[in-house]
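Since every read-out is calculated from the coordinates, none of them should be taken as a lab result. Bear in mind that the values here come from a model prediction, so they are computed numbers and not experimental data. So basically every Cβ, Gly included, is an ideal-geometry build from the backbone, and we count neighbours across all protein chains shown.
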């Protein structure tokens, strides 16, 4: 245990925490959608990849930084998610899980292959000056892009919290999630609320995509990996819990970074899946979930 | 006679004639079809067979597994590895392969069912085990690691070691598919089959009336894993290569689920009809996308087809056909 090793361990942990915030934002979208309408979004990673591509296109063709295109992407994703829920997913709410699974799988196949046709199979990344900058704090060095991405993710998560606790529509969505029938009885338009929720969930993952492209380049083949990653995070944190999604993101981010340092980088997701299996068996409601599944 | 009576009891005569005709056609197919037609039919039978195996778990017992690639991968790797390293032929190796897959299934099943995980949570557990194993095989030298395991391609026909041309593999997969079809019919008609349906419809009520829920679910996953391992062994020797990236991929697990879901979950013909529909569409879309020379186009057509089917025939294609043409098999 040399001081050098401890320092690199601490570096890995901070790097994992910063990336984990972006993971958390991505997982938040999945968690919100599931928590409100009990639909598991099997196309989540695919939506993430589309968000990354949009940010890349904005940078490549319009010279707009991903940080600036983020709000635009979030709005586009909100609209697309709202429309998708209204037009396609709505009849499947309350249907057997395998039918929802097949529906979202079809959507996932379409999203990832349309991206493939438009952007090609090569990996696409953005080159910004800030990628070479870093902040120093004592012996620690932080990548500037990771710090910016993590802070933005925190701000978005905070806005989401305000939306769900302070606004009328946010409260209505929570009411519909808690008691669907009750919400209908008091006259809430639950179908519109569901569409709104899917839009909000999609906006989260779109924003997470715009942040992620500043950290790593995108290929269509990342989609399935992100879908799995989002599942792992929300199950570990507690499906349907907002705090859980963020905490799960941090935990998985750190575990990946530390596993990459101590073991081989290719073994890092084995640790995540190991954590998932343990959580499923010992605490299936997740670390922050309230009730059992 | 009782076995035959149980197999055919309650089946309309025209369905029996139809089945007999189908079997004769399938037996004679290599003489009727060209090389390409036979390769497509082999694919259809393969997906019908694994679909049938998966259907036992989801369609009969109601347990959603999205990690069946685990059993096919373990089975295929063990049989291929035994042949590759020690020259042990697949007819012997298959017993080890199936035993290993059943052991894997028992572990996943016991942990999942013992801690009463259901629905999406159980599905995620199966995915996690499959992915975990994929990464382990990526780093396991005996199995060739991420570089893959290759069997020597041998033109000479050696049935004892399952080496030979498409004809051999056709009749092997036909026997497997037909045998599993009969097995599934017998299972559905048995007490165990009724228990499974009770568990699928309402696990708590089943438990309350004394159905041994845990044991029945365990039997379902063990039978399903064993059959899926057979498919894995067949697949390994048919294609002569194995990679962890594909053998244990989530995409492969999903592939196994499509034929029964599209065809009609919980029905005997669902996986077969689904396999015909999906493989047929796949071939058509391959031809179509070759016209345009765009990679990914085939998958876009495929995704659109899945979307249309699930939106307009959510219970599957077969129940709808059966009702229209009076073949009389409903989802139980």
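Structure above, values below:
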| quantity | calculated |
| --- | --- |
| Protection proxy ranking, peptides B:75-81, B:42-48, B:21-27, B:85-91, average beta carbon neighbours within 10 Å, highest first | B:75-81, B:42-48, B:85-91, B:21-27 |
| Average projection area in nm² (convex hull over Cα atoms of the stretch A:1-59, one quarter of hull surface) | 6.2 nm² |
| Zone of residue A:6's modelled label, taken as backbone nitrogen in the stretch A:127-155 under 14 Å from a point 7 Å along Cα→Cβ | A:139-140 |
| Calculated log₁₀ intensity ratio I(q)/I(0) where the Debye formula runs over C-alpha points of the stretch A:1-153, q = 0.14, 0.16 Å⁻¹ | -0.84, -1.01 |
| Over the stretch A:109-152, equivalent-ellipsoid semi-axes from the Cα gyration tensor in Å | 33, 12, 8 |
| Normalised contact order of the stretch B:40-248, rounded percent, pairs of Cα under 8 Å and 6 or more residues apart | 43 percent |
| Inter-probe distance in nm under a simple model that places probes 7 Å from Cα toward Cβ, at residue B:22 and residue A:122 | 4.9 nm |
| Calculated diffusion of the stretch A:79-187, Stokes-Einstein form, Kirkwood radius summed over Cα pairs, 10 °C and 1.306 mPa s, µm²/s | 85 µm²/s |
| Most to least packed among B:4-17, A:60-73, A:145-158 [average Cβ atoms within 10 Å] | A:145-158, A:60-73, B:4-17 |
| Shielding by other protein chains, B:265-273, mean Cβ within 10 Å | 0 |
| Values of log10 I(q)/I(0), in the order q = 0.11, 0.15 Å⁻¹, for the stretch B:1-95 under a Debye, Cα-only, solvent-free model | -0.58, -1.00 |
| Convex hull per residue volume in Å³, alpha carbons only, for the stretch A:146-293 | 122 Å³ |
| For chain A, built as a Gaussian network whose Cα springs stay under 10 Å, the top-fluctuating residue of A:276, A:267, A:251 | A:267 |
| Interatomic Cα distance distribution for the stretch B:182-229, bins of 10 angstrom, percent | 27, 53, 19, 1 |
| Relative intensity, log₁₀ I(q)/I(0), of chain A from a Debye sum that treats every alpha carbon as a point, q = 0.06, 0.07, 0.13, 0.17 Å⁻¹ | -0.19, -0.26, -0.89, -1.48 |
| Number of partner chain Cβ atoms within 10 Å, mean per residue of A:272-285 | 4 |
| Where labels lie 7 Å past Cα in the beta-carbon direction, separation of residue B:175 and residue B:118 in nm | 4.1 nm |
| Pairwise Cα inverse-distance average, inverted: Kirkwood Rh of the stretch B:177-266 (Å) | 15.2 Å |
| The stretch B:286-307 versus the stretch B:71-91: alpha-carbon centroid distance in Å | 35 Å |
| Exercise: per-residue mean of other protein chain Cβ atoms within 10 Å, B:287-300 | 3 |
| Contact order normalised by residue count of chain A, Cα under 8 Å, 6+ apart, percent | 38 percent |
| CD proxy at 222 nm, helix term only [per DSSP H run n ≥ 4: -39500 (n - 2.57); per residue of chain B; nearest 500] | -24500 deg cm²/dmol |
| FRET efficiency for residue B:214 and residue B:189, using Cβ-Cβ distance with R0 set to 30 Å, rounded to 0.05 | 0.85 |
| The stretch B:40-107 - Kirkwood radius from inverse mean 1/r over Cα pairs (Å) | 13.1 Å |
| Highest-MSF residue in chain A out of A:19, A:165, A:219 [GNM, Cα springs under 10 Å] | A:165 |
| In Å, descending, principal axis extents of the Cα set of the stretch B:40-248 | 58, 36, 27 |
| Among B:308, B:317, B:98: highest mean-square fluctuation, GNM of chain B, C-alpha pairs under 10 Å | B:308 |
| Cα principal axis extents for the protein assembly as shown, largest first, Å | 81, 62, 53 |
| Alpha-carbon centroids, the stretch B:108-127 and the stretch A:222-260: separation in whole Å | 19 Å |
| For the stretch B:171-217 and the stretch B:12-64, distance of Cα centres in Å | 20 Å |
